[in-house]
Amino acid sequence: MDIKIERNPHPAEKPDSSTLGFGRIFTDHMFIMDYYEGEGWKDARIVPFGPITLHPASTVLHYGSEIFEGLKAYRRADGHVQLFRPIENIRRMNNSAERLCLPQIPEDLALQVLTEFVKLEKDWTPDKEGTSLYIRPFMFGNDENLGVHSVKHTTFMIITSPVGSYYKEGINPVKIMIESEDVRAVRGGTGYAKCGGNYAASNRAGEKAEQQGYAQVLWLDGVERKYIEEVGAMNVMFKIDGKIVTPKLTGSILPGITRKSCIEVLKSEGYEVEERLLSVAELEEALENGKLEEAWGCGTAAVVSPIGELKYKDKKFTVNNGEIGPVTQHLYDTLTGIQWGKIEDKFGWTYPLD
Ligand code: PLP
Ligand code: COI
């Protein structure tokens with residue numbers, strides 16, 4: 001598809017890459033295309049970054065028809081810029097779209113518009129260690145009426161933001177509270193889709209945790225509040241008695257690309273990885289008898305984030321003396337090594353842009 005480009009006449013100064021937070025600064029342009037029932041995707045355009053106009057009855061404002069993705073462009077030591085497994089994000093976006101009754105984007109079209117847009121903005125990819133260009137594709141129902149139905153007009157956009165570390169702690173261990181009231185998602189619901197509503201529903205527990213000095217919550221399943229699902233907006237993994245254990249994808253868990261990559265790295269190195277139900281009772285027992293060796297969250301934004309303390313009801317447990325464990329560190333080094341082009345990509349996960 002041809003993309004019309006309107007260049008920003010006032011390009012901004014690139015920020016100092018040592019002061020980047022997460023998602024606060026945006027690049028000079030944004031990508032937009034629209035879908036109309038019966039017509040398909042059309043009007044692909046890159047325009048100067050800025051506010052968009054929505055009709056007050058736009059579907060997304062009332063009924064939450066919205067999905068998004070998150071991936072990054074990384075600057076290699078040799079100056080070239082590359083993506084990490086972009087096709088996985090495109091496939092997940094289409095699965096999310098299917099769940100929310102939004103239109104799918106053919107994989108080749110999605111990859112074309114993504115790469116053409118990011119190529120235009122690639123000079124914004126910072127080069128300091130631990131930084132990258134976060135790419136946020138998103139799609140929303142944009143009908144101009146209040147009827148509750150699947151939408152006829154959908155808008156798809158991509159914005160990009162130079163980022164540093166997601167958590168202020170960086171790669172230092174975070175304190176996590178096990179949430180036993182609110183749930184993030186339920187089986188049959190939208191947990192496996194990356195839709196905005198999941199995050200809106202998560203905020204209350206996240207805020208409660210923060211007020212008590214915790215970085216995020218560990219989510220339990222929505223039916224029995226018994227099984228571990230995710231940590232904050234990341235998947236979660238544990239090393240218990242020498243084995244790696246991560247909750248299996250039951251439908252209420254987002255299938256993370258970092259999760260998948262961690263599993264593939266670990267299995268290729270001979271680790272035993274179990275994807276299964278893991279109850280909070282089993283975790284508590286492992287914490288009590290010293291069998292829980294490491295715990296970490298994994299996701300694109302933070303890569304891996306070690307858990308140094310877990311609180312469940314009124315009990316507090318320290319994990320690995322509050323320090324990052326060897327498997328967590330190894331996964332961080334391996335994934336970021338591949339992403340930043342410092343180690344050989346024997347999995348074929350990187351996607352060069354230039
Ligand atoms: N779980 C949730 C709820 C998320 O929002 C994310 C972030 O994208 C993840 C897990 C990790 O997914 P990924 O590794 O693809 O970034
Ligand atoms: C992740 O990339 O791990 C995320 O959860 C992104 C977040 C900002 C929604």
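Every number in this text was worked out from the coordinates using simple rules, so none of it is lab data. Values in this document were obtained by computation on a predicted structure and should not be read as measured data. Here the Cβ positions follow ideal geometry from the backbone for every residue, glycine too, while neighbour counts run over all protein chains shown.
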remark   = If the chain between D314 and R136 were fully extended at 0.36 nm per residue, the gain over the current Cα-Cα distance would be 60.3 nm
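Given contacts defined as C-alpha pairs under 8 Å and at least six residues apart, what's the relative contact order of the chain, whole-number percent? Intermediate values should be presented prior to the final figure.
On the way: 751 pairs, mean separation 65.9, N = 354.
Computed value for the chain: 19 percent relative contact order.
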query = Where the centroid of each part is defined by its Cα atoms, how far is the range 69-114 from the range 235-254 in Å?
reply = 24 Å
ask   = Any idea how far apart E210 and K226 come out in nm if each label point goes 7 Å out from Cα toward Cβ?
value = 3.3 nm
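Hey, fewest Cβ within 10 Å first, where do E66, E288 land in order?
E288, E66
Counting only C-alpha contacts under 8 Å and six or more residues apart, can you give the relative contact order of the range 174-339 as a whole percent? Walk me through the numbers on the way to the answer.
Numbers: 318 pairs, mean separation 39.5, N = 166.
Relative contact order of the range 174-339: 24 percent.
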request  = Answer rounded, prolate or oblate for the range 243-354, using the Cα gyration tensor with square roots of eigenvalues a ≥ b ≥ c: rounded when a/c is under 1.5, else prolate when a/b is larger than b/c, else oblate.
outcome  = prolate
ask   = Among the lysines, which have Cα under 17 Å from the Cα of K122 when same-chain residues fewer than 8 positions away are ignored?
value = K14, K72
query = With the chain treated as a Gaussian network of Cα nodes joined by springs under 10 Å, which of P247, P255, P11 yields the largest mean-square fluctuation?
reply = P11
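Over 20 Å between Cα atoms: which of K260/K311; K243/K316; K208/K311 fall into that group? Each step should come with its number before you reach the end.
Working: K260/K311 27 Å; K243/K316 23 Å; K208/K311 13 Å.
Flagged as over cut-off: K260/K311; K243/K316.
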task = Starting from the Cα of N95, step 7 Å toward the Cβ, then list every residue of the range 134-177 with an amide N under 19 Å from that point.
result = 137-139
ask   = Roughly what angle does helix 86-99 make with the longest principal axis of the chain, taking Cα atoms, 0 to 90 degrees, to the nearest 10?
value = 90 degrees
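At 0.36 nm per residue, and after removing the present C-alpha to C-alpha distance, how many nm does the segment from T250 to F49 gain when stretched out fully?
Result for the pair: 68.5 nm of gain on full extension.
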query = When the Cα centres of the range 19-42 and the range 143-205 are compared, how far apart do they sit, in Å?
reply = 17 Å
query = In what sequence do R24, R85, R76 fall when counting other Cβ within 10 Å, fewest first?
reply = R24, R76, R85
note = Fewest to most Cβ atoms within 10 Å: R7, R92, R99 sort as R7, R99, R92
message = With a 10 Å cut-off between alpha carbons and a GNM built on the chain, which of T154, T115, T19 moves the most?
response = T19
message = Given an 8 Å cut-off on Cα distances and at least 6 residues of separation, report the relative contact order of the range 1-135 as a percent.
response = 27 percent
note = Everything considered on the Cα gyration tensor (a ≥ b ≥ c; rounded for a/c under 1.5, else prolate if a/b is larger than b/c, else oblate), the range 151-299 must be described as rounded
